[in-house]
Every structure is written in structure tokens, then in C-alpha cells.
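Novice: What follows is a single structure, and I will ask about it in a moment.
The values are calculated or read from the model by the stated rules, or taken from the named source; none is laboratory data. In this text, all values refer to a predicted model and were calculated from it rather than measured experimentally. A quick note on method: Cβ atoms are made from the backbone with ideal geometry, for glycine too, and the neighbour counts reach across all protein chains shown.
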Amino acid sequence: MTDSTKKDVAAEVREFLRTRRARLTPQQAGLPVYGGQRRVTGLRREEVALLAGMSVDYYVRLERGNLSGASDSVLEALAHALQLDEAERTHLYDLARTATPSGRRPTATSSRVRPTILRLLDSMADVPAYVRNGRFDILAANPLGRALYAPLFDSPLFAQRGPVNSARFMFLDPASKDFWADWDKGANDAVAFLRTETGRSPHDKALTDLIGELTTRSDDFARRWARHDVKFHHSGVKNLHHPLVGDLALPWEAMELPSDPGLRLNFYTPEPDSREREALGLLASWASTGTAVPTAND
């Protein structure tokens, strides 16, 4: 690990632990609160050390960014003291793995969609589906998926460069605020997922470049990135405003592809006989004609 990488990892550890500590009050941690005005937001370092069962000096060392050699028992104690959720706990372990010189490097993210997965996408004719990586690059999509995400595929952002990337679209194309009905939630989730991915793939240069680009070009992204939030994305409901069929509330699922590290299959499954199902039927019919789906600019 280069000196520059060590500094980057230490800074990430420091800010992650600091922001987790700052959001937790003594009352939430079950600690007594005595009189007088507190000068810090959230817990003090000595309070975290007490909750984790470690010395203050050792916790200060950890929060300064030195997770190298931290045992699983130390990490578990820290996760418990800071009340980390599953995604935050995993991120802490990822940071510790990266900080330890002998730590196992994760398998590199695949950038190729295998023919069997492409055939699977094409067989899912009645639902929008696509494959993306941890950087939000959409690497493949079925016709209905392309029709649903027409504002992304038609964005001027990707006229001269590819692949289509939903994070770039969200933060760099003003049309994204028309497409995502709940833009703030989508933006928060996207940044939290990218932060999670940096822990999983700290040596991914394309990921680092993407984050650098978005931080520089989007104040909305930079502000959210500074929060150090992390999150898993497995399922949910996505609210979209499509230029052809209007407002949609689409349940979605994401499946990791075990044979293709870092790739996920995302698909949308509306309820039978719902307005969303009818709308997707219209989109499928439109897509089958080979005519471009209208966008907000048409």
C-alpha cells in the first residue's frame, strides 16, 4: 500500500468513526447525562471507549484512522458501541481489511456481462431488467428496461462517452429531477451505496475517478458524500415519472450474480392488474415498434 493510499484509508476511517459517534447521543447509548453544556455533538471519545470496553487511548488511535491489526472482537465491540447497522458494520470491516497490509483484497469487479446473463435478460420480456456494477454503470438491459430508463439512455451526458451511468445522470443531468419523483431519497441512496462500494473495492480506480468527478461538479453530491453514510440496496419501491406513461411506483429487487463479482441484476415487478403493470405493457408495446420513447425534450 502506497503512502497516499494509507492516508486516504486513514482519512476514511477517521471520518466514518467521527460521524457515527457524532450522531449518537448519551441518552441513545444509555449513558447518564450530568449538568453543564456539552461541547461536542453526540458522544465523547471517552464515552465510546467506555461502551466498547477499551482504553480511551486505544479508541483515540482507532479514530485517528489506525485500524490496522484490529481484531474481530475489537471491531464487534466498536460496532456495538456505535450502534452500527448491518451496512455500517460491513463497511467498518471493509475499512479494517484495507488498512491491514496482509488483508485480503476483494475479487476485482467484472466488467463483462456473460452471454447466459444476456439471454436471461432477454427472456424477462414482461419486466424491466438491467445489469449494473457497483459504480452504477448499466452494462446491459432488456428492451423494456431501456424503455423504462429512456431518459438515461437518451441523456446528452452519454452521447460521447459510455456506459450509461445512473449516478452521473442523477447528479449531472437536470432531467434527473423530473425522472426520479423522490429525487432526494434517490440521491441519498445512491451516495450511500457508492460509499459502501468504496469500502468493498478501495482499489477501483474507475470508482475513485467517478467520485472525484461528482464531488467536483455537483454540490448536491459533495454535501451528501461528506456524511459518510452507507447502505445496502436489496429491494424497495422506486417512484419514477416517465415521459410517456407518467408516474410509476415500481417494486424492485436486486440480485447479486455470484459468478460475476460486483454485478447485480435489477428488475421491477409491479402487482398484477395494477396501473404500473398496464403502463409497462404500453411501454413494451412502444419499445417493440423500434420508435424512440419520447423524452421531456420532445
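Novice: Say we look at the range 209-250 and pick out the residues that are surrounded by 15 or more Cβ atoms within 10 Å (Cβ to Cβ) and of a type in the set (S, T, Y); which of these is nearest to F169 (Cα to Cα)?
Specialist: Of everything passing the filter in the range 209-250, S218 is nearest to F169 (Cα to Cα).
Novice: Shifting gears a bit: Quick check: is even one residue across the range 89-96 surrounded by fewer than 21 Cβ atoms within 10 Å (Cβ to Cβ) and of a type in the set (G, A, S)?
Specialist: no
Novice: List the helices (runs of 4 or more DSSP H) inside the range 136-201, counting only whole elements, that have at least 1 residues being among the basic types (K, R).
Specialist: Helices (runs of 4 or more DSSP H) meeting the threshold: 143-148, 166-172, 176-179, 183-200.
Novice: I'm checking my understanding of the structure. Among residues of the range 134-166 that are of a type in the set (S, T, N, Q) and either modelled with pLDDT under 95 or closer than 17 Å to S285 by Cβ (or both), which one is surrounded by the fewest Cβ atoms within 10 Å (Cβ to Cβ)?
Specialist: Once the filter is applied, the top-ranked residue is Q160.
Novice: Just checking, how many residues over the range 150-184 are small (G, A, S), free of Cβ contacts under 8 Å to residues at least 40 places away in the same chain and closer than 17 Å to D209 by Cβ?
Specialist: The total comes to 2.
Novice: For residues that are surrounded by fewer than 21 Cβ atoms within 10 Å (Cβ to Cβ) and touching a residue at least 40 places away in the same chain (Cβ under 8 Å), scanning just the range 64-83, find the one that is nearest to T196 (Cα to Cα).
Specialist: Q83
Novice: Can you find a residue in the range 238-258 that is assigned to a strand (DSSP E or B), farther than 18 Å from R132 by Cβ and aliphatic (A, V, I, L, M)?
Specialist: Among the residues of the range 238-258, at least one is assigned to a strand (DSSP E or B), farther than 18 Å from R132 by Cβ and aliphatic (A, V, I, L, M), which makes the answer yes.
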